[in-house]
Structures are given as C-alpha cells and as structure tokens.
Amino acid sequence: MALLEGGDVVAIPTETVYGLAGDATNGVAVARIFEAKGRPRFNPLIAHVADRAMADRIAGFDPLSARLAEAFWPGPLTLVLPQRADNGIHPLVTAGLDTIALRMPRGFGGELIARLGRPLAAPSANSSGRISGTTAGAVAADLGDRIRLVVDDGATPVGLESTIVKVEHGRLRLLRPGGIGAEEIEAVAGAKLSRGASGIEAPGMLASHYAPGAAMRLNVEEIADGEALLAFGRNRAEGWEKAVALRNLSETGDLREAASNLFAFMQALDRGGAATIAVEPIPLDGLGEAINDRLARAAAPRDKRV
Ligand code: TXA
Ligand code: MG
C-alpha cells in the first residue's frame, strides 16, 4: 500500500497473470512501469478498478459493454471504452488514446484497489517481449532486480491474460483472445465477435511476444532429435520418447488446465536448454483460441520482436 501510494511499482497477483502495478493517476508511477518492463515504447496499459462505480468515473459504458461487465466482472475480461474527460487517469496509461482498457480483477488485486481507492495501471509482470509471469517466482526471476516487491499469492488460476473486447458502432470486436472464451462472450452479447486485423491500437499484439529463448515449432505430429515436447491430451506425437524434456499441458485434454499451465511449462522447457520446443496440436475452441494465439506469437520470427 505505502509503496503504491508513494508512486512505486509492485508486482501483484491477479486471476489471469501477475501484474506490474502502479497508481494510474500518477505519471511517475506509470513511467516506472514502462521502465521496469523495458517496454520500447509507450503501449497503452490496462487500468484495473475495484468496482463499477470506479469504472464509471473513468469511462462511459454503452449498453452492450455494461452487460458484459455485469456478466464477467470481476474476471478476466477487459473492455476498451471511451474515456471521460478529467477522469484523473494519467495520459501515459492510455498512450494518449481517447479510449481506455478497463478490467476488474478477482481476488487480491481487486481488494487492494478498493483499499487504495485508486485505479491501478498494470501490464503483465514480465520484461518486454517475454512470457507473462504466472507465479511470484517467475516474476522475481525476470524483474526482481528492478522492482522492490512481488506479492506472492501462488500460481494465478487462469494463467493467460484477459480477453480484450471493444464495442465499435454497436458491434463487438475481439482485440485479444484470453482467459474468457469467445463463445462465452458471444452467448452473453447475443452476437458474434468480429476478429481480424485492424491496425489496432494493439501493441500487445506485436507479432513476436511471449518469446522464450528456444525456437518453437507448432502443431507437430513428429518429434525431431534434440527437441523438447510441450504435449496436450492423451495421444503423443510420433517419436515422443526421444524428446529431451516433456511437459503435458493437460493429460485429460482440458483447455482451462492447459491455459493455466502454458506459460510456466514453456518457461520450464526453455530453462532446460533445448534449442527447439515442439508443441502438439491444441484445439481452437474455448480457451484454445487464446492458447494458440500465445503459441503463435512465441513462435513468430524474433526479428519482429519490438
Ligand atoms: O490479464 C491481463 O490483462 C493482464 C493482467 C495484469 O491484468 N494485463 C495485461 O496487460 O495483459 P498488458 O499491458 O500486457 O496488455 C494490455 C493490452 C495490450 O495489448 C494493449 O495494446 C491493449 O491491452 N490496450 C490497452 N489499452 C488499449 C486501448 N485503449 N485500446 C486498445 N487496446 C488497448
Ligand atoms: Mg503483456
């Protein structure tokens, strides 16, 4: 509390991944977030709120966004909304955009914000381009020498960042697949999400993101010599016995379990030192969309990393 009130940054657990949090109304705090992450440029951050009243002071809700907030908050849904004038949010949080990404986290993060009485800006707690931290240990290993406190609340239950959506001209767009499956959102919205490129304000959508040191090979049916294997479900890829290391995201093929294990297992295999991590196919439904999205980014050519 005292660190945050003093404009410092603190790594805190949320239900999705650990966040690198600072007072969203304090420009120094927000600048420190970018500095600690080593973000090469000022991508907009998500502002985290404790309740709807705090959200309403910051942004305007159209009826569809209000319905989604009602259904999924607190939880892993981020809404991009038009900012209210004079909402106190430092412009660095939104990189000068007139919209703001808002989310109400479950658990410790939400309670902390309520006690602080101020929104917290928080990107995922990892240095720029690296895998998001889902345990305090992973965060400390990555950022420990740059921040003063990591609040340890164990492994984050969802394990993937929030789903980001935006209502545009009455239509709902998926800006980032994440911890809530698109189908669940569509069921509440009563409409399909639109996807796809859009020169989005979506810096977090840089092609290569979540990059481990090892190369990644996706949808493998057969393991090559020297590869580590990131498996899914009961059926193994051919030649799996020769994998130099193996982790199974979910023996039973449960996509929620797979999501919660994804980053930690990628990191574990990466630390093992294999040059390449081979990944078995993972279905695209439910949380599979977000899992495949993160894997595709991890596999993207590294020269695209910004
Ligand atoms: O689960 C999460 O969302 C985690 C936890 C800590 O809350 N946070 C997170 O933040 O993933 P970050 O900064 O790594 O990703 C935020 C994403 C970026 O892709 C950014 O481009 C997008 O949100 N974003 C932020 N403000 C936006 C805006 N006004 N319009 C469109 N996209 C925005
Ligand atoms: Mg991130």
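Full extension of the chain between ASP285 and ALA85 yields a length gain of 68.1 nm, computed as 0.36 nm times the residue separation minus the alpha carbon distance. The label point for ALA268 and the one for ARG52, both projected 7 Å from the Cα toward the Cβ, are 4.1 nm apart.
For segment 2-195, the relative contact order works out to 30 percent when only alpha carbon pairs closer than 8 Å and six or more residues apart are counted. Across segment 22-50, the residues whose backbone nitrogen lies under 18 Å from the label position 7 Å along the beta-carbon direction of ARG115 are 22-24, 48-50. Our coupling estimate for segment 12-23, obtained by passing each phi through the Karplus curve with A = 6.51, B = -1.76, C = 1.60 and θ = phi - 60°, is 10, x, 10, 6, 8, 9, 5, x, 9, 9, x, 4 Hz, Gly and Pro reported as x.
In this structure, the amide hydrogen of ALA125, modeled 1.01 Å from its nitrogen in the peptide plane, lies closer than 5 angstrom to those of TYR18, GLY19, LEU20, GLY133, counting only residues at least 5 positions away or on a different chain. Close amide-amide hydrogen proximity is noted between ALA59 and ARG84, each under 5 Å apart and 5 or more residues distant or on a separate chain (H modeled in the peptide plane; Pro and chain starts excluded).
Take every DSSP beta bridge whose two residues both sit in the chain, then give the antiparallel share in percent to the nearest 5. In the chain, approximately 50 percent of DSSP beta bridges are antiparallel ones. Taken along the Cα-to-beta-carbon direction at a fixed 7 Å, the label points for ALA155 and GLU241 span 2.9 nm. Between the beta carbons of ALA141 and LYS192, assuming R0 = 41 Å, the FRET efficiency works out to 0.50 to the nearest 0.05. Relative contact order, percent, of segment 49-152 when contacts are C-alpha pairs under 8 Å separated by at least 6 residues? This gives 27 percent for segment 49-152. Computed about its Cα centre, the charge dipole of segment 2-195 is approximately 460 debye, with only Lys, Arg, Asp and Glu carrying charge at their Cβ. Cross-link partners for LYS242 among the aspartates and glutamates, with Cα-Cα distance under 12 Å and sequence neighbours closer than 8 places in the same chain left out: GLU222, ASP225, GLU227. Evaluating 6.51 cos²θ - 1.76 cosθ + 1.60 at θ = phi - 60° for every residue in segment 59-75, the Karplus couplings come out as 9, x, 9, 6, x, 5, 4, 4, 5, 5, 4, 4, 6, 10, 9, x, x Hz, glycine and proline recorded as x. For segment 274-292, backbone nitrogen atoms closer than 17 Å to the point 7 Å from ARG217 Cα along Cα-to-C-beta are found at 274-282. Summarising the label geometry, the points placed 7 Å from Cα in the beta-carbon direction at ASP98 and ASP62 lie 1.4 nm from one another.
Every read-out reported here was derived from the displayed coordinates using simple, explicitly stated rules and does not represent laboratory data. Computed from a prediction, not measured in an experiment: that's the story for all the values here. No Cβ is skipped: glycine too gets one built from the backbone with ideal geometry, and neighbour counts run over all protein chains shown.
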